[in-house]
Amino acid sequence: MTDLATQDPAIFSAVRGEVARQNNGIELIASENFVSRAVLQAMGSPLTNKYAEGLPGRRYYGGCDQVDRAEALARERARELFGCDWVNVQPHSGASANAAVYLTLLKPGDTFLGLDLSHGGHLTHGSPVNFSGLLYRAEYYGVERSGPLAGRIDMNRVRDRALVVGPKMISIGASAYSRDFDYAAFRSIADEVGAFLWMDMAHPAGLIAAGELSNPLPHAHVVSTTTHKTLRGPRGGMLLIGNDFENPFGKVARKSGRVRNMSELFDSAVFPGTQGGPLMHVIAAKAVSFLEALDPAFKAYARQVVINARAMADEFLRRGYDVVSGGTDNHMALIDLRSRGITGVVAERALQAAEITVNKNMVPFDDKSPFVTSGIRVGTAAMTTRGFGKSTFREVVRMIDRVLNHVGDESVGREVKGEVLELCRHHPLYDFVTA
Ligand SMILES: *Cc1c(COP(=O)(O)O)cnc(C)c1O
């Protein structure tokens, strides 16, 4: 990065500092991961210069031959990865992909039913400060407070809610839910009440691609995702149409006076509906990451992510912590700190001082505000990329436990930080622009 270093030392310094931070800390934020150098190179390429509104072969601009090749490959690989017939790889982010879902399936004021935000649902699933809650009527289902399904979704209750609310769409997907979903049950409820079924697999996409979790595509009408969480691609989004969408709803949607199939409707909801020109450098990088995800090595990676998450959750339980739902099926665990007498924000800060990055998170039925919270969310996707195995994750939990048992004790923080640095040295990440 010599040009950047000489031309703009201030920005170079921020980049260098961030690379050093990533190299020298334990990253447990469940939504983050580390991309390969090949993905970084595609993202940093001159493809960023190209305007390519439209789709491959049908662009509004000339000179698109090369970016068409890149986008066609991204689409082909994504279809193979998830076993579906149609994808759109242009959404700039998960939230952009979701905007296209709403625009296609609902009209402003329509009711939809999604997972309660304080039980793990995402901002774009009806938060009052987000377009989804501002333009549409959000109703919620949640997880159980107690009993055998504590911390999990009870499908009987989802059905009861759906029958009462009569939603036009039911959404599945979460930012802080550590269990798999029963897609077939969701679909039968959606069919019973005449609703569209939308799965937002932003978090578990990589685990679904690798077959570690069940695949929503045979059940959901539409699936949205990010590409940068467990899928380990560049920051971005994507839309996929479920396998039998065309049967019940296809060819019946009318717009601009002619019958169009659902894929056309979703395509036009992305562009021109919610976006302008696609980010062709990011789409090329998506293609690179999809090729990586098709490699058997990615299956092994995803397997390890899940094994590590189970070991981590188990170690928290062994040390007397409350793990929401009692464990995990995916890459994350939600730790309820109420029984330990500390809040999420205090835990987050204490761990940050030791270079262990987690995020404070609401737990179901939390009595604290989102700025304080009663829990932390921890994930294994990023550090598994760096080669951490299950015994290392148990070590990490030991370090977390030590810090949380000595909040405010700076010498403990310093000692753990030393251990963190040592662990990171044994699992190198990026070897460029380091401080
Ligand atoms: C992360 C996430 C998103 C949003 O992705 P962005 O790329 O940050 O817009 C959407 N839905 C869910 C469930 C998520 O976890």
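Electrostatic tally near Ala205: other residues with Cβ closer than 10 Å to its Cβ, Lys and Arg +1, Asp and Glu -1, net +1. How would the range 387-435 be classified by its alpha-carbon gyration tensor: rounded, prolate or oblate, with rounded meaning a/c under 1.5 and the a/b versus b/c comparison settling the rest? Verdict is oblate for the range 387-435. Placing a pseudo-label 7 Å from each Cα along the Cα-to-Cβ vector at Asp110 and Ala20 gives an inter-label distance of 5.1 nm. Extending 7 Å from Cα along the Cβ direction at Ala38 and again at Glu53 yields two label points whose distance is 3.4 nm. Extension gain, Leu163 to Ile342: 0.36 nm times the residue separation minus the Cα-Cα distance gives 60.5 nm. Surface composition of the chain: carbon and sulfur make up 52 percent of the accessible area, probe 1.4 Å.
Here Ile11 and Leu421 are evaluated by their C-beta separation; at R0 = 22 Å the FRET efficiency comes out at 0.25. Does the chain classify as rounded, prolate or oblate by the C-alpha gyration tensor (a ≥ b ≥ c root eigenvalues; a/c under 1.5 gives rounded; else a/b over b/c gives prolate, otherwise oblate)? The shape class here is oblate.
Using C-alpha pairs under 8 Å with a sequence gap of at least 6, the mean separation divided by the residue count of the chain gives a relative contact order of 22 percent.
Ranked by the mean number of other Cβ atoms within 10 Å per residue, highest first, peptides 426-433, 161-168 order as 161-168, 426-433. Near Val345, once Lys and Arg are set to +1 and Asp and Glu to -1 for all other residues with Cβ below 15 Å from its Cβ, the sum equals +2. Name all residues of the range 319-347 having a backbone nitrogen under 17 Å from the label point set 7 Å from the Cα of Val372 along its Cα→Cβ direction, giving them as ranges. Those under the cut-off are 336-347.
A straight line joining the Cα centroids of the range 124-182 and the range 320-337 runs 19 Å.
Return the subset of Lys368/Lys417; Lys50/Lys168; Lys390/Lys417; Lys50/Lys286 for which the Cα-Cα distance in this structure is over 27 Å, preserving the input order. Pairs exceeding the cut-off: Lys368/Lys417; Lys50/Lys168. Modelled spin labels at Asp3 and Asp191, positioned 7 Å past Cα toward Cβ, are 5.6 nm from each other.
Once R0 is set to 30 Å, what does the formula 1/(1 + (r/R0)^6) return for the Cβ-Cβ distance between Tyr430 and Arg303, expressed as a FRET efficiency to the nearest 0.05?
Approximately 0.80, to the nearest 0.05.
Would you mind telling me the antiparallel percentage of the DSSP bridges in the chain, rounded to 5? Here the share of antiparallel DSSP bridges comes out near 55 percent. Relative to the current alpha-carbon distance between Tyr61 and Asp182, full extension at 0.36 nm per residue lengthens the span by 39.2 nm.
Shape class of the range 60-180 from the Cα gyration tensor (axes a ≥ b ≥ c, square roots of the eigenvalues): prolate, since a/c reaches 1.5 or more and a/b is larger than b/c. From a point 7 Å beyond the Cα of Ala150 in the direction of its Cβ, which residues of the range 293-321 have a backbone N at a distance under 19 Å? Only 313-321 fall inside the zone, counting backbone N under 19 Å. Per-residue SASA remark: Ser339, around 80 Å² accessible (1.4 Å probe; ligands, DNA and RNA not included). Within the shell of other residues whose beta carbon sits under 13 angstrom from the beta carbon of Asp295, the net charge comes to +1, with Lys and Arg scored +1 and Asp and Glu -1. Accessible surface for the chain, divided over its residues, is 41 Å² per residue with a 1.4 Å probe.
The values are calculated or read from the model by the stated rules, or taken from the named source; none is laboratory data. Bear in mind the structure is a predicted one, so any value in this text is a computation, not a measurement. Glycine gets a Cβ as well: all are built from the backbone with ideal geometry, and neighbour counts include every protein chain shown. The area values use the complete protein model at the heavy-atom level, side chains included, leaving out ligands, DNA and RNA. Shrake-Rupley method; radii C 1.70, N 1.55, O 1.52, S 1.80 Å.
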